[in-house]
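Below is one structure; the comments refer to it alone.
The values are calculated or read from the model by the stated rules, or taken from the named source; none is laboratory data. Computed from a predicted structure; not experimentally measured. A quick note on method: Cβ atoms are made from the backbone with ideal geometry, for glycine too, and the neighbour counts reach across all protein chains shown.
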Amino acid sequence: MEKKVKIKTIQKLKFEGISMTLQKIYRTYEQMCLDKLKEIGRSSVAEWSMAMGYSSSNALIKVIKRIQKTMPEKLKIHNNRKPRLYEAVLEI
């Protein structure tokens, strides 16, 4: 049930003999949420959802559960009780 979202398109640009190619990158919403978490660092669900533009912290609960189920190696949970702190694992 992952929806792919297009954020960049393929284009060939030529500027005075210099050619560049922009690639098409597909990101799922879960990957976008993880990217935002990497930007803001270790944070709670409320802080993370505010950074994503939501007013309620409940907006990301299902997304967090999907991330834990499908790609648990990319999300690190620091407290097992509330308030839990989440951190995105950096890929090397």
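Taking the listed residues 8, 12, the one that is surrounded by fewer than 10 Cβ atoms within 10 Å (Cβ to Cβ) and either of a type in the set (Gly, Ala, Ser) or modelled with pLDDT under 90 (or both) is 12, with no other qualifying. Note on segment 37-92: among residues that are touching a residue at least 40 places away in the same chain (Cβ under 8 Å) and in a strand (DSSP E or B), the one that is farthest from residue 27 (Cα to Cα) is 43.
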